[in-house]
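Notes for the one structure printed next.
The values are calculated or read from the model by the stated rules, or taken from the named source; none is laboratory data. Only a predicted model underlies this, so the values are computations on that prediction, with no experimental measurement involved. Methodologically, a virtual Cβ is constructed for each residue, glycine included, from the backbone with ideal geometry; neighbour enumeration extends over all protein chains shown. To get the accessible areas, we keep the full protein, side chains included, count just its heavy atoms, and leave off ligands, DNA and RNA. Shrake-Rupley method; radii C 1.70, N 1.55, O 1.52, S 1.80 Å.
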Amino acid sequence: MIPVRCFTCGKIISNVWEEYRERVKKEESAKVLDDLGIKRYCCRRMLITHVPLVDTFAPYQ
Amino acid sequence: MEIEILEVDDREGRFMLSGSTAAFSNGLRRGMMAEVPTMAIDDVNIYENGSVLFDEQIALRLGLIPLVTDLDSYVLNCDCEEGCTSCQVSMTLNVEGPAVVYSSDLVSSDPNIIPAEDKIPIVELKSGQKLYVEVVARLGLGKNHAKWQPVVACGYKNKPVITITECDGCGECVEVCPKGILSIDESTNKVTVSDEIECSLCKLCEKACYLDGIHAGSKEDVFIFRYESDGSLPADKIPLLAVKQLREKAEQFIEGLK
């Protein structure tokens with residue numbers, strides 16, 4: 001799961017994750033982040049570098 | 001001491017504090033971060049957790065959700081022992097998969113105390129998985145845990161001052177400025193500064209100027225504050241609450257000295 005807040009500054013970034021994930025399929029990531037109001041590079045790396053693992057773990061529950 | 005509000009909306013604020021010292025500005029910054037009480041989830045009872053996350057991870061994620069805080073109806077240091085309606089709010093979260101559990105799924109016993117953001121995913125449940133938790137939210141201070149901090153990225157800098165003594169309009173400084181606040185005035189053929197406050201004092205313009213005619217310095221007694229609210233309190237109220245807390249602390253200090 002995407003961390004609720006940015007590790008560095010504490011801004012809530014998880015609420016834009018789903019929109020980001022959908023939009024980067026078609027648009028450029030930098031533009032989407034600007035659009036979503038994720039300005040600082042600490043917050044931007046949270047979304048850019050996140051790897052969702054729920055689907056990987058789910059079969060082993 | 002003077003305060004000029006540069007911009008403020010619900011979530012973000014910028015103001016200029018002049019005629020002050022670095023010590024006082026830092027006091028105000030720390031007051032905003034650590035002394036303003038906000039509501040956050042503090043106790044979590046987990047009845048059923050079939051999700052891929054451990055109980056502790058779910059509790060941590062719940063704690064970090066900002067809650068809209070009502071400082072008039074709740075007290076920080078309550079005299080009761082077991083917790084009462086004036087010091088805590090209980091919420092329940094009961095979701096069955098397949099579904100993504102969002103912060104908006106929290107059902108609060110007080111309709112005024114709700115998550116500030118609706119779309120925070122807590123955990124993704126697959127079919128057959130279930131999450132049933134009961135949580136207790138309390139007021140707390142940022143100095144005890146970052147979840148009770150009302151501000152995000154709160155800081156200040158000295159007011160930048162760009163002085164231009166000599167200029168032949170070569171435009172070298174305009175090109176190197178990463179903030180894009182310099183431009184060449186067509187009529188006088190000299191460099192002008194459009195938004196001095198935005199200057200980050202990188203001094204690239206000083207290095208670029210072969211006449212040594214531009215200088216980026218700062219005013220030592222003027223501070224520009226920038227902060228964001230996490231949604232628990234409106235951004236315009238946070239500095240006022242911090243000042244109130246600081247004043248109370250100062251009064252306590254004077255009282256202690258007597």
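Of (1) surrounded by fewer than 16 Cβ atoms within 10 Å (Cβ to Cβ); (2) touching a strand residue (DSSP E or B) at 6+ places or on another chain (Cβ under 8 Å); (3) under 23 Å from A:N15 (Cβ atoms), B:I5 satisfies all except one. Which?
(3)
Tell me which of these A:K31 doesn't satisfy, since it passes every other one: (1) open to solvent by less than 50 Å² (accessible area, probe 1.4 Å); (2) more than 8 Å from chain B (Cβ to nearest Cβ).
(1)
Is it the case that some residue within the range B:77-100 is among the hydrophobic types (A, V, I, L, M, F, W, C), over 24 Å from B:R11 (Cβ atoms) and facing chain A (nearest Cβ under 10 Å)?
Taking every residue of the range B:77-100 in turn, at least one turns out to be among the hydrophobic types (A, V, I, L, M, F, W, C), over 24 Å from B:R11 (Cβ atoms) and facing chain A (nearest Cβ under 10 Å).
For the range B:73-103, name all the residues that are modelled with pLDDT of 90 or more and of a type in the set (D, E, K, R).
B:E96
(1) under 30 Å from B:L93 (Cβ atoms); (2) open to solvent by 30 Å² or more (accessible area, probe 1.4 Å); (3) of a type outside the set (V, I, T): which one isn't true of B:S183, the others all being true?
(1) is the only condition that B:S183 fails.
Which one of the conditions (1) within 13 Å of chain A (Cβ to nearest Cβ); (2) among the hydrophobic types (A, V, I, L, M, F, W, C); (3) exposed (fewer than 15 other Cβ atoms within 10 Å of the Cβ); (4) touching a residue at least 40 places away in the same chain (Cβ under 8 Å) does B:F54 fail to meet, given that it meets all the rest?
(4)
Give the number of residues within the range B:144-158 that are open to solvent by 10 Å² or more (accessible area, probe 1.4 Å) and hydrophobic (A, V, I, L, M, F, W, C). Explain how you work it out, then say what you get.
We begin by selecting, within the range B:144-158, every residue open to solvent by 10 Å² or more (accessible area, probe 1.4 Å); these are B:144-149, B:153-158.
When the remaining residues are screened for being hydrophobic (A, V, I, L, M, F, W, C), the result is B:146, B:148, B:153-154.
Final tally of qualifying residues: 4.
What do you reckon, is A:D55 more than 9 Å from chain B (Cβ to nearest Cβ) and at negative phi? Reasoning before the result, please.
Values: more than 9 Å from chain B (Cβ to nearest Cβ): no; at negative phi: yes.
Considered against the rule, which asks whether it is more than 9 Å from chain B (Cβ to nearest Cβ) and at negative phi, A:D55 comes out as no.
Mind counting the residues in the range B:115-143 that are within 14 Å of chain A (Cβ to nearest Cβ), in a loop (DSSP other than H, G, I, E, B) and crowded, with 16+ Cβ neighbours inside 10 Å?
Total meeting the criteria: 7.
Could you tell me which numbered condition B:E166 fails, if it satisfies all but one of (1) of a type outside the set (S, T, Y); (2) away from chain A (no Cβ under 14 Å); (3) closer than 30 Å to A:I12 by Cα; (4) open to solvent by 60 Å² or more (accessible area, probe 1.4 Å)?
Tallying (1) of a type outside the set (S, T, Y); (2) away from chain A (no Cβ under 14 Å); (3) closer than 30 Å to A:I12 by Cα; (4) open to solvent by 60 Å² or more (accessible area, probe 1.4 Å), B:E166 fails exactly one: (3).
Could you list, in sequence order, all residues of the range B:136-173 that are closer than 30 Å to B:L76 by Cα and out of contact with any helix residue (DSSP H, G or I) (no Cβ under 6 Å at 6 or more places or on another chain)? Step through it out loud before you land on a result.
Quick first cut of the range B:136-173, residues closer than 30 Å to B:L76 by Cα only: B:136-156.
Listed by number, the residues that qualify are B:V136, B:A137, B:R138, B:L139, B:N144, B:H145, B:A146, B:W148, B:V152, B:A153, B:G155.
Would you check if A:C9 is over 22 Å from B:E124 (Cβ atoms), open to solvent by less than 50 Å² (accessible area, probe 1.4 Å) and in contact with a strand residue (DSSP E or B) (Cβ under 7 Å, 6 or more places away or on another chain)?
Numbers: over 22 Å from B:E124 (Cβ atoms): yes; open to solvent by less than 50 Å² (accessible area, probe 1.4 Å): yes; in contact with a strand residue (DSSP E or B) (Cβ under 7 Å, 6 or more places away or on another chain): yes.
Yes: the conditions hold for A:C9.
Among the residues of the range B:209-258, count how many are assigned to a loop (DSSP other than H, G, I, E, B), of a type outside the set (G, A, S) and under 20 Å from B:D72 (Cβ atoms). Steps first, please.
If we filter the range B:209-258 for residues that are assigned to a loop (DSSP other than H, G, I, E, B), which is where we start, we get B:209-213, B:230-237, B:258.
Next, from what is left, pick out any that are of a type outside the set (G, A, S): B:209-212, B:230, B:233-234, B:236-237, B:258.
From the residues that got through so far, the ones that are under 20 Å from B:D72 (Cβ atoms) too are B:230, B:233-234, B:236-237.
Residues meeting the conditions: 5.
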